[in-house]
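The values are calculated or read from the model by the stated rules, or taken from the named source; none is laboratory data. All values reported here derive from a predicted model rather than from experimental measurement. Glycine gets a Cβ as well: all are built from the backbone with ideal geometry, and neighbour counts include every protein chain shown. Surface accessibility is based on the protein's heavy atoms, side chains included, excluding ligands, DNA and RNA. Shrake-Rupley method; radii C 1.70, N 1.55, O 1.52, S 1.80 Å.
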Amino acid sequence: MLWLLFFLVTAIHAELCQPDAKNAFKVRLSIKTALGDKAYAWDANEEYLFKAMIVFSMRKVSNRGTIDISHVLVCNVTQRVSFWFVVTDPSKNHTLPADEIQLAIRMNRNRINNAFSLNDQTLEFLKIPSTLAPPTDPSVPVWIIVFGVIFCIVIVAITLLVLSGIWQRRRKNKGPSEVDDAEDKCENTIAIENGISSDSLDMKGWHINDTFMTEDERLTPL
């Protein structure tokens with residue numbers, strides 16, 4: 001009778017826990033990749049610890065205090081350390097909803113990883129997204145960062161204003177000298193008319209250079 005009961009329980013468990021079964025999850029561990037020479041072998045003790053961590057997660061999040069290790073079924077274990085598992089309902093002969101299990105694992109993912117010295121990349125729950133790392137508080141307060149940015153913007157603006165003022169002053173100082181040069185050019189152009197250079201005229205004291213006076217102009221005073 002006991003053998004028959006054991007056979008029935010085993011058959012029921014085999015039906016509930018199988019690849020791609022309803023509410024079943026596949027787990028893949030990369031112990032050698034994560035720990036190298038310090039890698040440990042996956043055995044019955046490690047499997048027991050895994051079941052215990054699942055029970056811990058379910059009790060903590062789902063408030064299912066009646067769940068124990070016997071309600072976590074593991075099947076299809078491979079040498080490369082991958083397997084499937086389900087969590088059964090203590091009061092009924094069926095598995096717990098996948099959403100409930102997923103929530104419990106996501107909320108306690110770090111505790112599960114630390115139990116096996118692994119992380120989200122080396123301890124994979126294939127149907128459960130990796131948990132995001134908790135936000136870290138910045139070493140520098142945010143208000144100091146904002147103040148520093150605003151301060152830098154003000155300094156750059158003041159520097160640009162000073163440089164702009166210096167450039168405008170230099171431009172104004174160059175203006176009169178350019179006007180003077182233009183006036184000098186105009187005077188030189190006016191002074192040279194009809195092929196007569198300004199050097200031929202003695203403008204000092206309003207005297208005319210005798211060299212360029214005609215015969216009539218010389219005799220007129222007489």
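In the stretch 74-88, what count of residues is obtained for those that are farther than 13 Å from Asn23 by Cα and of a type in the set (A, V, I, L, M)? Reasoning before the result, please.
Step one: list which residues in the stretch 74-88 are farther than 13 Å from Asn23 by Cα, which gives 75-83.
Then drop every residue that is not of a type in the set (A, V, I, L, M), which leaves 77, 81.
The number of residues fulfilling the criteria is 2.
Within the stretch 180-195, track down each residue that is among the acidic types (Asp, Glu) and at pLDDT 55 or above. If the condition is that a residue be among the acidic types (Asp, Glu) and at pLDDT 55 or above, then Asp180, Asp181, Glu183, Asp184, Glu187 are the ones that fit.
Can you name the residue in the stretch 126-179 that is part of a helix (DSSP H, G or I) and among the basic types (Lys, Arg) and, of all such residues, is modelled with the lowest pLDDT?
To start, the set of residues in the stretch 126-179 that are part of a helix (DSSP H, G or I) comprises 142-179.
Now narrow it down to the ones that are among the basic types (Lys, Arg): 169-172, 174.
Numbers: Arg169: 84, Arg170: 82, Arg171: 80, Lys172: 78, Lys174: 68.
For the stretch 126-179, the residue satisfying everything is Lys174.
Across the stretch 57-78, the number of residues qualifying as of a type in the set (A, V, I, L, M), in a loop (DSSP other than H, G, I, E, B) and surrounded by fewer than 17 Cβ atoms within 10 Å (Cβ to Cβ) comes to 1. In the stretch 1-28, the residues that are in a helix (DSSP H, G or I) form Cβ pairs under 9 Å with partners that are open to solvent by 60 Å² or more (accessible area, probe 1.4 Å) and modelled with pLDDT of 70 or more, at six or more places apart or across chains, as follows: Ile12/Asn93; Leu16/Lys22; Leu16/Asn93; Leu16/His94. So, Ala104, is that one within 23 Å of Pro129 (Cβ to Cβ), in a loop (DSSP other than H, G, I, E, B) and small (Gly, Ala, Ser) or not? No; evaluated as a whole, the condition is false for this residue.
Exactly one residue out of Ile54, Ile105, Ile31, Ile101 is out of contact with any Cys (no Cβ under 7 Å at 6 or more places or on another chain) and farther than 17 Å from Lys127 by Cα, and it is Ile31.
Could you list, in sequence order, all residues of the stretch 35-56 that are loosely packed, with under 14 Cβ neighbours inside 10 Å, small (Gly, Ala, Ser) and assigned to a helix (DSSP H, G or I)? Once the filter is applied, which keeps residues that are loosely packed, with under 14 Cβ neighbours inside 10 Å, small (Gly, Ala, Ser) and assigned to a helix (DSSP H, G or I), the stretch 35-56 yields Gly36, Ala44. For the stretch 79-118, a tally of residues being open to solvent by 10 Å² or more (accessible area, probe 1.4 Å), modelled with pLDDT of 90 or more and charged (D, E, K, R) returns 4. Among the conditions (1) in a loop (DSSP other than H, G, I, E, B); (2) within 15 Å of Ser117 (Cβ to Cβ), Lys32 misses just one, which is (1). Evaluated against (1) within 38 Å of the chain's Cα centre (by Cα); (2) of a type outside the set (Phe, Trp, Tyr); (3) modelled with pLDDT under 95, Leu49 falls short on exactly one condition, (3).
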